[in-house]
Every structure is written in structure tokens, then in C-alpha cells.
Amino acid sequence: SADDNVTDILYAQEDKIFFATSDRGVGEIDVKSGTVRYNVPEGNAAIPFHNLLLDADGRLWAGSVNNGLYRLDADRNRLVSRNPIRELSNQSIANLLTVDDEIWLTTDNDLVSFRDTSDVNDPEVFCYVSDMDVNFSSSASLLIEDTLVFGATEGVFNLALEDIRMQPHLNSQMIMTDFIVNGKSYRELDDSGEDINYVSEINVKKGDNVEIRYTLADYNDYQ
């Protein structure tokens with residue numbers, strides 16, 4: 001439609017073209033028939049979108065302005081909110097790209113990588129780095145060998161995948177303090193004397209009572 005404000009466009013298999021809009025959701029053009037339909041978010045058709053991505057499984061993802069990440073449910077003609085971490089639900093998705101079978105995204109200054117293989121379970125998050133010392137530009141990203149390259153207000157910003165994966169994963173504000181099996185601390189069971197953060201694996205049996213103790217480092221965010 002000539003009235004659409006199109007912010008991103010991509011070609012998919014089976015002769016389909018998807019385009020993001022600022023006020024009508026994500027449009028879908030059937031090239032063969034020339035028909036157009038619109039996929040809108042559940043409960044709010046006015047959410048603006050500004051980038052699109054097809055993942056390794058051919059599913060369509062849409063980054064919104066101030067409302068996080070959405071995935072297309074083609075059977076219901078709806079965009080479903082699908083944020084790998086809670087912090088994205090009210091942020092703008094600046095960039096979307098795939099590396100192997102992982103999805104990488106940025107907000108204005110956050111970086112997240114995840115894999116989503118189920119319609120039921122939460123996505124599996126591999127990396128989350130928040131409040132980076134950079135302001136990412138929208139829809140300005142690419143992969144060169146093992147380096148992510150982003151456009152930013154400070155110029156071109158390079159991020160080596162190896163360095164990024166070394167950053168604190170998931171919620172760096174949470175600190176595990178003990179792992180208790182059947183009422184006994186890990187330190188008593190293992191006799192290693194090492195801090196719990198250096199443990200890579202703990203084996204338990206079916207039926208064991210397991211308790212995980214942790215503390216939150218940021219007392220301004222109790223969630």
C-alpha cells in the first residue's frame with residue numbers, strides 16, 4: 001500500500017516478501033498472486049516495527065520500537081511477543097542477525113544472543129551484556145568472519161565473538177552462593193574447598209532434594 005511506512009523488507013522462500021511497518025504490523029506479499037496480508041501483534045495492532053529476520057528454521061522475527069522482540073505465528077496470522085530475557089520487553093530492538101544457529105540482537109546499548117527451538121520453553125540464552133559503552137545504530141550490522149560489526153553513533157564498532165562470549169552470561173546481578181543436596185552443602189560433599197562459581201558440573205540422582213542459594217548484587221532491582 002502506498003500509505004505504509006515501510007522500515008525493513010526481506011525476501012523469503014516460497015515467493016514471499018515480508019516488510020516491517022511503523023503502524024500496521026508486518027506485511028506479507030505473495031509474489032505469485034500479488035495479494036497482501038498484515039500480521040499484527042496480539043492485543044495491539046499499532047506497535048511500530050523497524051527490522052526483520054529469518055532464522056535458520058525459516059521463522060520470521062520482528063524487532064519493535066519500545067516493545068521488544070516478536071516472532072510470527074503464521075498459523076494464527078499473529079506476531080507473538082518472544083523475548084529471551086525480561087529486560088527486552090519494553091526496549092527497542094536495534095539490530096537482528098544470525099550467526100550459525102544463534103540469533104544475535106542489540107538494543108541501544110545491550111547485546112544478547114540466544115537460540116529458540118521450542119514453542120513452549122523459554123529461549124536458551126548464551127550471552128547477555130548490558131549497558132555497553134556504545135550506542136548502536138538501528139539496522140546497521142553484519143558478520144565478518146568471527147567478528148560482529150555494528151554501526152554506532154561513535155562510528156563503526158567491532159566485537160569479536162570470542163571476547164563477547166567471555167563476558168558475564170545471563171543476569172550478571174545474580175550470584176550463586178551454595179548448592180545443597182539432601183541438606184548437605186556442595187563443599188561438604190566434594191571436599192574441594194573451591195568457590196561454587198568455579199564448579200562446572202554437579203551430579204545428583206533422581207529423587208535427591210536440591211536447593212540452590214543465591215544473592216542479588218543490585219538491590220535496586222529485586223526482580
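Please indicate, with yes or no, whether at least one residue in region 115-130 is at pLDDT 90 or above, under 19 Å from GLY68 (Cα atoms) and in a strand (DSSP E or B). For region 115-130, residues at pLDDT 90 or above, under 19 Å from GLY68 (Cα atoms) and in a strand (DSSP E or B): present. Look at region 122-136: where a residue is touching a residue at least 24 places away in the same chain (Cβ under 8 Å) and a partner is of a type in the set (Val, Ile, Thr) and open to solvent by less than 50 Å² (accessible area, probe 1.4 Å), sitting 6+ places away or on another chain with Cβ atoms under 7 Å, you get VAL125/ILE85; VAL125/VAL112; CYS127/VAL112; CYS127/ILE164; TYR128/ILE85; TYR128/VAL112; VAL129/ILE164; PHE136/THR106. Just one residue in the set SER172, SER185, SER192, SER138 is surrounded by 10 or more Cβ atoms within 10 Å (Cβ to Cβ), of a type in the set (Ser, Thr, Tyr) and modelled with pLDDT of 85 or more; that residue is SER138.
Output the number of residues of region 28-51 satisfying the condition of being among the acidic types (Asp, Glu) and open to solvent by less than 50 Å² (accessible area, probe 1.4 Å). Outline the logic, then answer.
The first filter runs over region 28-51 and keeps only residues among the acidic types (Asp, Glu), leaving 28, 30, 42.
So of that shortlist, the ones also open to solvent by less than 50 Å² (accessible area, probe 1.4 Å) come out as 28.
Of the residues in region 28-51, 1 are among the acidic types (Asp, Glu) and open to solvent by less than 50 Å² (accessible area, probe 1.4 Å).
Pick from THR177, THR153, THR215: which is at pLDDT 85 or above, open to solvent by 40 Å² or more (accessible area, probe 1.4 Å) and of a type in the set (Val, Ile, Thr)?
Numbers: THR177 fails: at pLDDT 85 or above; THR215 fails: at pLDDT 85 or above.
Only one candidate passes the filter, namely THR153.
Looking only at residues in region 75-101 that are small (Gly, Ala, Ser) and touching a residue at least 24 places away in the same chain (Cβ under 8 Å), the one that is least open to solvent (accessible area, probe 1.4 Å) is ALA94.
The values are calculated or read from the model by the stated rules, or taken from the named source; none is laboratory data. Keep in mind that what you see is a predicted model, and the values were worked out from it rather than measured. Note: ideal-geometry Cβ built from the backbone for every residue, glycine included; neighbour counts use all protein chains shown. Heavy atoms of the whole protein, side chains included, go into the accessibility calculation; ligands, DNA and RNA do not. Shrake-Rupley method; radii C 1.70, N 1.55, O 1.52, S 1.80 Å.
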